[in-house]
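Here the structure is laid out as structure tokens; the discussion comes afterwards.
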Number of protein chains: 2
Amino acid sequence: MTTDSDTPWLTDQEQRAWRTHLDVSRLLMHQLERDLQPFGLTNNDYEILVNLSEAEGRRLRMSDLAAGTLQSKSRLSHQITRMENAGLVRRESCESDRRGLYAVLTDEGWETMRRVAPHHVASVRKHFIDLFTPEDLNALQSSLTPVAEHLRERRGGL
Amino acid sequence: MTTDSDTPWLTDQEQRAWRTHLDVSRLLMHQLERDLQPFGLTNNDYEILVNLSEAEGRRLRMSDLAAGTLQSKSRLSHQITRMENAGLVRRESCESDRRGLYAVLTDEGWETMRRVAPHHVASVRKHFIDLFTPEDLNALQSSLTPVAEHLRERRGGL
DNA sequence: GCATATTAATTCACCTTTCAACTTTCACGG
DNA sequence: CCGTGAAAGTTGAAAGGTGAATTAATATGC
């Protein structure tokens, strides 16, 4: 992104693809958020629950959780505080590194996860997955993976 | 999203595709934001500029602009206030409907757009468009379009 | 014509995110 | 060991976003 007078403009086709991608991202997040609302969770809450429930001992170091959910440490810290107040997680100090903390899923958090997950999956299917043929989904996955890798390489401080 | 004990879980393939899509959305927005930062603009600012600069008379009614950028009227109102303070747009009242307002691109806004657009395009190319083969981009576009339509149909109040 | 409903846009109060500053603990070179 | 720098995590203030309530103007039905 330097002084490029030589970068070609987007063709119509490229422009359409780009805007469609943008629209889908945004509308989809909105819709998922809406579908979670009745359960009193946000997308962020839900993603934390997923990450923790899949982890060893239903716990993760704050840093790892931040990395896993692609958010800043600061943001995660606030987020976990809120979820702690809601009774979904608790902080537990780490023996091996006394600077460190674990975010641990509470029983209530686990139970919430079990209860909400099927609805969320249904939502993801309905508004995304099931709208593709299996072949298209495969194609999507293969063409998007390099993009994800490219972006992960050059992501600085979240 | 009712009482679905019958919705199948996501297969591994589906899960991978879904998470890849999520990661790309997030990382990409972050990267674009970073690339705009040196010009003192956010993604939101930029999108407003695009919409206005493409419009008749470089102006749009607040409502239309909100619809075009998929944000709530409230959010747009704040956003325009900020951009007005930055000198990029100005509000102008509407003759034919005295409730209405136009957001109008100022000369400075237009000039900013002209100056920044090539860099933004380069950024979009570098981190997204140019990472696909033309065929993949076409496939992406065709498989994503129905998703966008599906979501637009059922989007309530933003 | 006049009450009623709708639409455009803003405002207010509240919540979330960001950014920089700070505390505590660990790593490691001499 | 011990100082110096880096890492883990938190905090607080400022900026941004949300949703409901509000204001003002227009449309609608009788």
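Laid out as a table, the results:
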{"read-out": "Any hit, segment B:105-113, residues being within 8 Å of DNA strand C (Cβ to nearest atom) and open to solvent by 20 Å² or more (accessible area, probe 1.4 Å)", "value": "no"}
{"read-out": "Which numbered condition A:PRO118 fails, given (1) within 7 Å of another protein chain (Cβ to nearest Cβ); (2) touching a residue at least 12 places away in the same chain (Cβ under 8 Å); (3) closer than 23 Å to A:ARG58 by Cβ", "value": "(2)"}
{"read-out": "Considering residues of segment B:95-115 that are among the β-branched types (Val, Ile, Thr) and free of Cβ contacts under 8 Å to residues at least 60 places away in the same chain only, the residue farthest from A:ALA17 (Cα to Cα)", "value": "B:THR106"}
{"read-out": "Where a residue in segment B:64-90 is within 14 Å of another protein chain (Cβ to nearest Cβ) and its partner, wherever it lies, is in a loop (DSSP other than H, G, I, E, B) and near DNA strand D (Cβ under 9 Å from one of its atoms), with Cβ under 7 Å and at least six apart", "value": "B:ALA66/B:SER72; B:LEU70/B:LEU158; B:GLN71/B:LEU158; B:SER72/B:LEU158"}
{"read-out": "Test for A:ARG154: is it more than 10 Å from DNA strand D (Cβ to nearest atom), touching a residue at least 12 places away in the same chain (Cβ under 8 Å) and over 22 Å from B:THR11 (Cβ atoms)", "value": "no"}
{"read-out": "Checklist (1) more than 18 Å from A:ARG16 (Cα to Cα); (2) part of a helix (DSSP H, G or I); (3) more than 16 Å from DNA strand D (Cβ to nearest atom); (4) open to solvent by 20 Å² or more (accessible area, probe 1.4 Å) applied to B:ASN138, failing item", "value": "(1)"}
{"read-out": "Considering residues of segment A:21-59 that are at the interface with another protein chain (Cβ under 7 Å from one of its Cβ atoms) and touching a Ser or Thr at 6+ places or on another chain (Cβ under 6 Å) only, the residue nearest to B:ARG115 (Cα to Cα)", "value": "A:SER25"}
{"read-out": "Qualifying position, being within 16 Å of the chain's Cα centre (by Cα) and more than 10 Å from DNA strand D (Cβ to nearest atom), among A:LEU65, A:LEU22, A:LEU28, A:LEU60", "value": "A:LEU28"}
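Quick grid of which residues meet (1) at pLDDT 95 or above; (2) touching a Lys or Arg at 6+ places or on another chain (Cβ under 9 Å); (3) within 16 Å of DNA strand C (Cβ to nearest atom):
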position	(1), (2), (3)
A:ILE80	yes, yes, yes
A:ARG98	yes, no, yes
A:VAL116	yes, no, no
A:HIS119	yes, no, no
A:HIS127	yes, yes, no
A:LEU137	yes, no, no
A:THR145	yes, yes, no
A:GLY156	no, yes, yes
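The values are calculated or read from the model by the stated rules, or taken from the named source; none is laboratory data. Here the structure is a predicted model, which is why all the values come from computation and not from measurement. Cβ atoms come from the backbone with ideal geometry, glycine included; neighbour counts cover every protein chain shown. Ligands, DNA and RNA are stripped out before the accessible areas are found, and what is left, the full protein with its side chains, is counted by its heavy atoms. Shrake-Rupley method; radii C 1.70, N 1.55, O 1.52, S 1.80 Å.
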